[in-house]
Amino acid sequence: MITMKLRAFGFLAVVLVGFFFSSCAVTPRRAAVSGLAPSTAAELGITQDVIPPGNCGRPLHRPMRPTFITIHSTDNTSRTANALNHALAMNKGLRGCHFTVDDHSIYQTLPTNETGEHADYEGPGNRSSIGIEMCVNRGNNLDITIDRTAQLTARLIRQYNIPLDHVVPHMHWRMIRYSDGRNLGFKQCPRILLDGGRLGPKWSAFIAKVSFYAR
């Protein structure tokens with residue numbers, strides 16, 4: 001059975017991660033979720049605590065039919081910057097991905113049929129893709145985190161009939177800032193799956209994992 005509520009983790013850890021990101025107060029409440037089937041979610045150990053509609057981290061409901069999956073890594077190596085605390089930060093106002101993943105847990109904070117803010121501001125990346133954020137905090141086993149991300153990605157491409165070549169890194173999307181139209185180029189992300197800042201053997205190995213799990 002899917003856990004429907006984030007467990008208490010320690011006020012200090014939440015504050016540290018919340019300080020790293022933008023934050024605003026929210027009133028926790030359960031929300032309807034669009035995502036993996038309950039049996040699949042339970043198998044992957046997904047905790048669903050979707051940000052309530054209208055709150056700071058989810059100010060607008062913008063429906064989406066996902067045709068891509070965008071893979072990220074956080075670049076935050078703080079020991080407390082795990083999947084739980086990134087999910088808590090998004091509940092406090094950080095606008096971002098649909099899922100956060102570490103070596104023992106996965107948290108979902110946005111429905112998979114709703115636009116997030118993780119790829120390219122108002123561009124096609126946000127409008128068409130499910131965002132998955134991998135944690136790189138100290139003490140987190142990155143190999144297991146990557147493997148769990150591959151399993152989650154495989155289940156999502158099967159559910160939404162997304163082609164394997166539509167599983168893309170964050171750097172696939174050009175970032176055009178909507179506030180002033182500034183072109184910020186392509187972010188080197190997910191850094192842990194890049195070779196010298198470029199796609200190479202690490203990304204190919206990840207896609208091979210996704211393909212294996214999607215069979």
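The values are calculated or read from the model by the stated rules, or taken from the named source; none is laboratory data. Since the structure is predicted, the reported quantities are computational estimates derived from the model, not experimental observations. Every residue, glycine as well, gets a Cβ built from its backbone with ideal geometry; the counts of neighbours run over all protein chains shown. Surface areas here come from the heavy atoms of the whole protein model, side chains and all, with no ligands, DNA or RNA. Shrake-Rupley method; radii C 1.70, N 1.55, O 1.52, S 1.80 Å.
Checking the condition closer than 20 Å to residue 47 by Cα and touching an Asp or Glu at 6+ places or on another chain (Cβ under 6 Å), which residue from 113, 140 passes?
Numbers: 113 fails: touching an Asp or Glu at 6+ places or on another chain (Cβ under 6 Å).
Only one candidate passes the filter, namely 140.
Filter the range 107-124 for residues that are hydroxyl-bearing (Ser, Thr, Tyr) and open to solvent by less than 10 Å² (accessible area, probe 1.4 Å) and give the result. Write out each step before concluding.
Taking the range 107-124 first, the residues hydroxyl-bearing (Ser, Thr, Tyr) are 107, 109, 112, 115, 121.
107, 109, 112 - these are the residues of the range 107-124 that are hydroxyl-bearing (Ser, Thr, Tyr) and open to solvent by less than 10 Å² (accessible area, probe 1.4 Å).
From 73, 34, 39, 22, which residue is at pLDDT below 65 and in contact with a Pro (Cβ under 6 Å, 6 or more places away or on another chain)?
On the way: 73 fails: at pLDDT below 65; 39 fails: in contact with a Pro (Cβ under 6 Å, 6 or more places away or on another chain); 22 fails: in contact with a Pro (Cβ under 6 Å, 6 or more places away or on another chain).
Step by step, each of 73, 34, 39, 22 is checked, and only 34 is at pLDDT below 65 and in contact with a Pro (Cβ under 6 Å, 6 or more places away or on another chain).
So if I check each of 188, 151, which one is of a type outside the set (D, E, K, R), closer than 24 Å to residue 83 by Cα, at pLDDT below 95 and under 18 Å from the mean Cα position of the chain (by Cα)? Let's see the steps before the verdict.
Details: 151 fails: at pLDDT below 95.
Criteria check complete, one pass: 188.
Among (1) part of a helix (DSSP H, G or I); (2) in contact with a helix residue (DSSP H, G or I) (Cβ under 8 Å, 6 or more places away or on another chain), which single condition is residue 143 missing?
Here residue 143 meets the rest and fails (2).
Out of the range 134-150, which residues are open to solvent by 20 Å² or more (accessible area, probe 1.4 Å) and either in contact with a Lys or Arg (Cβ under 6 Å, 6 or more places away or on another chain) or under 19 Å from residue 208 (Cα atoms) (or both)?
The answer is 138, 139, 142, 143, 144, 146, 147, 148.
Residue 64: in contact with a Ser or Thr (Cβ under 6 Å, 6 or more places away or on another chain) and either modelled with pLDDT under 90 or open to solvent by 40 Å² or more (accessible area, probe 1.4 Å) (or both), yes or no?
no
Can you find a residue in the range 93-103 that is under 22 Å from residue 213 (Cα atoms) and surrounded by fewer than 23 Cβ atoms within 10 Å (Cβ to Cβ)?
Taking every residue of the range 93-103 in turn, at least one turns out to be under 22 Å from residue 213 (Cα atoms) and surrounded by fewer than 23 Cβ atoms within 10 Å (Cβ to Cβ).
For the condition more than 13 Å from the chain's Cα centre (by Cα), within 14 Å of residue 210 (Cβ to Cβ) and not in a helix (DSSP H, G or I), what is the one hit in 130, 69, 162?
162
Any idea how many residues of the range 168-186 are part of a strand (DSSP E or B) and either farther than 18 Å from residue 132 by Cα or free of Cβ contacts under 8 Å to residues at least 24 places away in the same chain (or both)?
2
What number of residues within the range 79-89 are open to solvent by 10 Å² or more (accessible area, probe 1.4 Å) and farther than 16 Å from residue 145 by Cα?
Final tally of qualifying residues: 1.
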